[in-house]
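**Q** Got a structure here, written out as structure tokens. Questions coming.
Every number here is computed from the coordinates shown, using simple stated rules; none is lab data. Note that the structure is a prediction, hence the values are computed from the model and not measured. In this analysis, Cβ positions are derived from the backbone assuming ideal geometry, glycine residues included, and neighbour counts consider all displayed protein chains.
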Amino acid sequence: MITELKHYIFHQKNYIDNDFCNKIIEELEDINFEKHNFYHPTTGDYIIRSGDQELSHSWEDTPSKNKLTKKLWNPINNYRKFLNMPWFDTWRGYTSVRFNKYELNKKMALHCDHIHDMFDGERKGVPILSVLGVLNNDFEGGEFIMFDDHEIKFDKGDVVIFPSNFLYPHKVEPVTKGTRYSYISWVW
């Protein structure tokens, strides 16, 4: 087994085509976004960790949201094949996408995706994989950083998958120009 943590970051380039990304962004103009917050499993509180710089997010449906969510099945399955681990040959499902919107000077604080609150109803447990993508390139800043200093350079339409645990801390640096649109889903 490979022990280098970066090995388990899977980057599938140009998976979502440009026209579909553009269509999704047009649809995002018509939905409501709210300030993002982090769930604290010990206290049950929701906290904003970046103050006025906190990004916005939305679970709201758009005409293309279901299609985008369904498209993620192939990269998730490709990740499973990439791992080539006989003891990890399946997964139970994944969430519909959540959209993230980073306007000027907005960011996401360093964290890991060891999420509890969305997996305490019909779905039990915690996510095992994080699946994310960027929908546009017409912004500056907004770098995606893992392990404090490892930048993953996203292009419009790329999908990145990595384990959702404490070994994979990540953040998004402040956007310095334009608006960064992304999405995230979690595999369990």
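**Q** Could you work out which residue, out of 104, 135, 55, moves most in a Gaussian network model of the chain, that is, has the largest mean-square fluctuation with Cα springs under 10 Å?
**A** With Cα springs under 10 Å in the chain, the top fluctuation among 104, 135, 55 is at 104.
**Q** If we restrict to alpha carbons, what Rg and Dmax does the chain come to, in Å?
**A** That works out to 15.9, 46 Å for Rg and Dmax.
**Q** Still on this structure, I have one more. With a cap of 12 neighbouring Cβ atoms within 10 Å, and only residues DSSP puts in a loop, list the chymotrypsin sites (Phe, Trp or Tyr not before Pro) found in segment 37-118.
**A** Passing sites in segment 37-118 are 87, 88.
**Q** Would you mind checking 13/70; 81/101; 6/107 for any pair whose Cα atoms are more than 29 angstrom apart?
**A** 81/101
**Q** Moving on. Which loop-located trypsin sites (Lys or Arg not before Pro) does segment 88-118 contain, where loop means any DSSP state but H, G, I, E or B and the Cβ has at most 12 other Cβ atoms within 10 Å?
**A** For trypsin sites (Lys or Arg not before Pro) across segment 88-118 that sit outside H, G, I, E and B with at most 12 neighbouring Cβ atoms in 10 Å, the list reads 92.
**Q** Continuing with this model, one more query. Using the Cβ atoms and a cut-off under 10 Å, what net charge is assigned to the surroundings of residue 146, where Lys and Arg are +1 and Asp and Glu are -1?
**A** -1
**Q** As a test of the definition: which semi-axes, in Å, follow for segment 87-188 when you take the square root of five times each eigenvalue of its alpha carbon gyration tensor? Largest first, please.
**A** Equivalent ellipsoid semi-axes, largest first: 25, 14, 13 Å.
**Q** Separate question: Given segment 24-110 reduced to its alpha-carbon atoms as identical point scatterers, what log10 I(q)/I(0) does the Debye formula return at q = 0.24, 0.26 Å⁻¹?
**A** Debye output, listed in q order: -1.09, -1.15.
**Q** Turning to a different aspect of this structure: Considering only the other residues whose Cβ falls under 10 Å of the Cβ of residue 31, what net charge follows from Lys and Arg at +1 and Asp and Glu at -1?
**A** -3
**Q** With an 8 Å cut-off on Cα pairs and a minimum separation of 6 or more residues, tell me the relative contact order of segment 5-187 in percent.
**A** Answer for segment 5-187 is 30 percent.
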